[in-house]
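For reference, the structure is listed below as structure tokens.
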Amino acid sequence: MIVELGHFALILAAVTAVVQAIVPLIGAQKRWPAWMAVAEPAAGLQFLFTAFSFAALTYAFVTSDFSVGLVISNSHTLKPMLYKVSGVWGNHEGSMLLWVLILTLFGACLAWFGGSLPPGIRARALAVQSAVAVAFFAFILFTSNPFERVLIPPFDGQDLNPLLQDVGLALHPPFLYLGYVGLSMAFSFAIAALIEGRVDAAWGRWVRPWTLAAWIFLTIGIALGSWWAYYELGWGGFWFWDPVENASFMPWLLAAALLHSAIVVEKRESLKSWTILLAIMAFGFSLIGTFLVRSGVITSVHAFANDPERGVFILAILAFFMGGGLTLFAARANAMEAKGVFGMVSRESALVLNNILLAVACFVVFVGTIWPLVSEMAFDRKLSVGAPFFNMAFTPFMVLLGAALPIGAMLSWKRASLRKAIKPLVPALVLALALMGLAWAIQTERTLLGPIGLFLGSWVFFGAIIDLMSRTGRGDFATRLGRLRRLPGADWGKAIAHAGLGVTMFGVAGLMAWEQEDIRVAYEGETYSLGAYEFTLLDVREEKGPNFFTTKAEIEVTKGGAPVTMLYPEKRVYPVAGMPTTEAAIDYRLFRDVYLALGDAQNDGGHTVRAYIKPFTNWIWFGCFMMALGGCFSLFDRRYRVAAGARKAPNAGVPAE
């Protein structure tokens, strides 16, 4: 009965979404306040119906209701409770229900907390947000119904994909979807502004918090996915340039560009057309990611579905919203006339350079991701675009971005002096060069990747600190430190996020330059060395888990004869799903990880063991955490909340003639 109620609530949510997509839009056009006011309660009601539907599906998974086809395909009675819950979104249908739940949540938040917005822009934005929801409600109800029953329920289910039975993968999709779907708010604001014919400084202020929230969630989601791939898949890497990984990375790049360009709109009323275009494209790339994951056009460990019919439906959604948005963008070009002017050397120009580098980097990733598909369709040739291409084509743009970022942050608005901007950064430059020289002197392999990565990372990191200190005015050092506490949250957020980018840059470069690897067949009692560490395979035994069987190795790690740790890599088999998984054993430290993965047993009694010494790996995710934390500081800056309504024009609810 609860399952049927969940299905009925989903239908009610879809009907409410249709009303919300039409009535407020007509009201804003006709200047009817009562019709515009329908948007707020409809948004709340739509979210409540969807939340009940999602709760009903969760109940079916938790209680192992095997009369529901989705539960049969993705659950099992022996599965731990955490993975019964995460199984709700560990499949195509459930993940799409999570998608619309988050979509309606963002719409409800705009209705609940957007009281300071002009009625016209709020009604239109809520209508556009609901129009997106209508498309996805139709997609779920007509092609991906999660509540379908079976006539004869089995005694047990087929279990969730073993790769998804992990804490990292339980958290990764919700955060990623909060980022993906959160970009719909930027899209809704962009379309609402185009319809109204108003893109000004106030619009830049309105769109930034929503974009920032989406970017924060997307940063956390990507970092969680990278961390999961690192310790769960057993291949030893953190980023494979997999098409689905790229599908989440491309919106992140465009969202970062959108955040910076919206600053120019807010401060100088320039780059209006470009910012609107970025808002449309950022959400468009989120839809492209959805298409790649669910259409079956690519093969990926992350892919949810392999159904061309569903892919065509998503492609139609993508074409409608991106095509419609770009058409409206072209029609309203005259409403986005830039007012502010600025010199070649200025904060605005630095942000333009930032946007160019991020947008072109996104385009490079897109070309590399989609080219194998284009090649097969157009030329009947199967090609594979892997890490070498992306590393070679993508890295230069990040190097340029890292080199320019500290200087751009120090430039003044409108017109600046490059000499004055660089002068305070001299200590950061000297320290970065010294660290690069130190790395070059002590490294064993003569590669420039590590020293250059250390230079760029420290240059960005220390440049962010100097930028923050430059905002404390003049006086002695103690006085300036005291002023730090009173700086706005956005200043702290920018510095922390930029410093986090520097930490991540160095972590990536350090890992790629100085990683050590050993793959061999090891025997019980055997000791071998890798770098400064010795490894002794003490035992290999069979054990039984709650819903799997495992072969577990016990390996002692020593350094110079002194014990370091005991590691237990595993090779698991999930009998219900019929899939093996590799559970890496990792000794996490600040400056390095010792990483062990157990391979297959050999006929002579040995076992394949892969050992890695991975320097600075944790710096990658710590830098991502710093970027997300910096975003949070900026998001809660009181300037986003206080006097937001002060920028409303007297005729804000009246559309442009």
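Residues in the stretch 110-165 that are closer than 20 Å to ASP65 by Cα and of a type in the set (Phe, Trp, Tyr): PHE147, PHE155.
Take GLY631 and decide whether it is assigned by TED's automatic domain parsing to the domain that holds GLY531 and of a type outside the set (Lys, Arg). Step through it out loud before you land on a result.
Working: assigned by TED's automatic domain parsing to the domain that holds GLY531: no; of a type outside the set (Lys, Arg): yes.
No; evaluated as a whole, the condition is false for this residue.
Taking the numbered list (1) surrounded by 20 or more Cβ atoms within 10 Å (Cβ to Cβ); (2) within 17 Å of PRO174 (Cβ to Cβ); (3) modelled with pLDDT of 95 or more in turn, PHE49 passes all entries but (2).
Applying the condition of being aromatic (Phe, Trp, Tyr) and assigned to a loop (DSSP other than H, G, I, E, B) to the stretch 143-184 and asking which residue is farthest from LEU110 (Cα to Cα) yields PHE155. Based on what the data block shows, is MET344 assigned to a helix (DSSP H, G or I) and without any contact (Cβ under 8 Å) to a residue 24 or more places away in the chain? So MET344 fails the test. In a helix (DSSP H, G or I), among the charged types (D, E, K, R) and either touching a Phe, Trp or Tyr at 6+ places or on another chain (Cβ under 8 Å) or without any contact (Cβ under 8 Å) to a residue 24 or more places away in the chain (or both): does that describe ARG480? Taking the combined requirement at face value, the residue satisfies it.
Considering only the stretch 82-132, how many residues are under 23 Å from TYR59 (Cβ atoms), part of a helix (DSSP H, G or I) and among the hydrophobic types (A, V, I, L, M, F, W, C)?
Here is the first cut: in the stretch 82-132, the ones under 23 Å from TYR59 (Cβ atoms) are 82-105, 108.
After this cut, where a residue has to be part of a helix (DSSP H, G or I) as well, the list is 82-86, 92-105, 108.
Filter once more, keeping what is among the hydrophobic types (A, V, I, L, M, F, W, C): 82, 85, 96-103, 105, 108.
Final tally of qualifying residues: 12.
For (1) surrounded by 15 or more Cβ atoms within 10 Å (Cβ to Cβ); (2) in contact with a His (Cβ under 9 Å, 6 or more places away or on another chain); (3) modelled with pLDDT under 95, each residue gets a yes or a no:
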| position | (1), (2), (3) |
| --- | --- |
| PHE389 | yes, no, yes |
| LEU400 | yes, no, no |
| PRO424 | yes, no, yes |
| LEU438 | no, no, yes |
| LEU481 | no, no, yes |
| LEU501 | yes, no, no |
| THR504 | yes, no, no |
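Across the stretch 26-63, the number of residues qualifying as of a type in the set (Gly, Ala, Ser), over 29 Å from ASN145 (Cβ atoms) and assigned to a helix (DSSP H, G or I) comes to 3.
Out of the residues in the stretch 557-572 meeting the condition of being within 11 Å of LEU596 (Cβ to Cβ) and either among the polar types (S, T, N, Q) or touching a Ser or Thr at 6+ places or on another chain (Cβ under 9 Å) (or both), tell me which one is surrounded by the fewest Cβ atoms within 10 Å (Cβ to Cβ). Reasoning before the result, please.
Of all residues in the stretch 557-572, those within 11 Å of LEU596 (Cβ to Cβ) come to 557, 565-570.
Pick out the ones that are also either among the polar types (S, T, N, Q) or touching a Ser or Thr at 6+ places or on another chain (Cβ under 9 Å) (or both) and you get 557, 565, 569-570.
Details: VAL557: 19, THR565: 16, PRO569: 25, GLU570: 19.
Filtering first and then ranking leaves THR565.
In the stretch 410-427 there is no residue that is assigned by TED's automatic domain parsing to the domain that holds GLY473 and closer than 20 Å to MET512 by Cα.
Screening ILE465 on (1) assigned to a strand (DSSP E or B); (2) closer than 27 Å to ALA223 by Cβ; (3) out of contact with any Asp or Glu (no Cβ under 9 Å at 6 or more places or on another chain) shows it passes everything except condition (1).
The values are calculated or read from the model by the stated rules, or taken from the named source; none is laboratory data. These numbers come from a predicted model, not from an experiment. All Cβ positions, even for glycine, are placed from backbone atoms using ideal geometry, and neighbour counts span all protein chains on display.
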